[in-house]
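Single-structure report; data block below.
Each reported figure results from applying straightforward, stated rules to the coordinates on display, with no laboratory input. Just so you know, these numbers come straight off a predicted model, no measurement behind them. Glycine also receives a Cβ, built like all others from the backbone with ideal geometry; neighbour counts cover every protein chain displayed.
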Amino acid sequence: RVSQHFELENQPATLQKASVFFSEMTEARYRRVWTPITERTLLIEDATGRNWRVDELSRGTREQLFLSLRLAIVRRNAERGLHLPLVLDDVLVNFDSQRALAACRTLQAFAEEPYQALLLTCHDHIARLCADLSIPVVSLNGSSGEVARQVFFPAAAPAVMSTEEPEAPTVTGT
């Protein structure tokens, strides 16, 4: 019992933060990302208290976990004085619509803290989802079909760049 209590109370700060993001993204289906003291493995605790290894999770859930870990690492570095922008390239592509919506909401809340977040996508449904959440979406296309991938966005809101080919470049949102 002492060991279990110690493991619960003494997880690395990055995993504690990842747990919060992961719970948000999974709509509380999973509540904790942790590692046992005596092992070098990552475990995921679901809402019922059952623990899962990463390889036992579905692909979409694993990708939610990896995104949660990225957010936690950026936040942890910011606490140490290293403010990094978060650039994500099509990380939502394997999410179903419910997962994508939860991830966009989590990214939106993350960027309000103030962190920079830039989400690149070539999928129109993801760009529409973000636009529906009032997240600024910028569609870019070049004459040769190349897409500009270096754009600065303020920390107040995550931005989504869509590589869908509009009739003219457009900016949507605030």
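The trypsin sites (Lys or Arg not before Pro) of region 34-104 that meet both conditions, a loop assignment by DSSP and at most 15 other Cβ atoms within 10 Å of the site Cβ, are 40, 50, 80. The mean sequence distance of close C-alpha pairs (under 8 Å, at least 6 residues apart), as a share of the length of region 70-139, puts its relative contact order at 33 percent.
Spin-label model, residue 113/residue 37: points 7 Å from Cα along the beta carbon direction are separated by 2.8 nm. Computed from the C-beta positions of residue 82 and residue 123, the FRET efficiency with R₀ = 25 Å rounds to 0.20.
Classify region 62-139 as rounded, prolate or oblate, taking a ≥ b ≥ c as the square roots of the eigenvalues of its Cα gyration tensor: rounded when a/c is under 1.5, otherwise prolate if a/b is larger than b/c and oblate if not.
Verdict is prolate for region 62-139.
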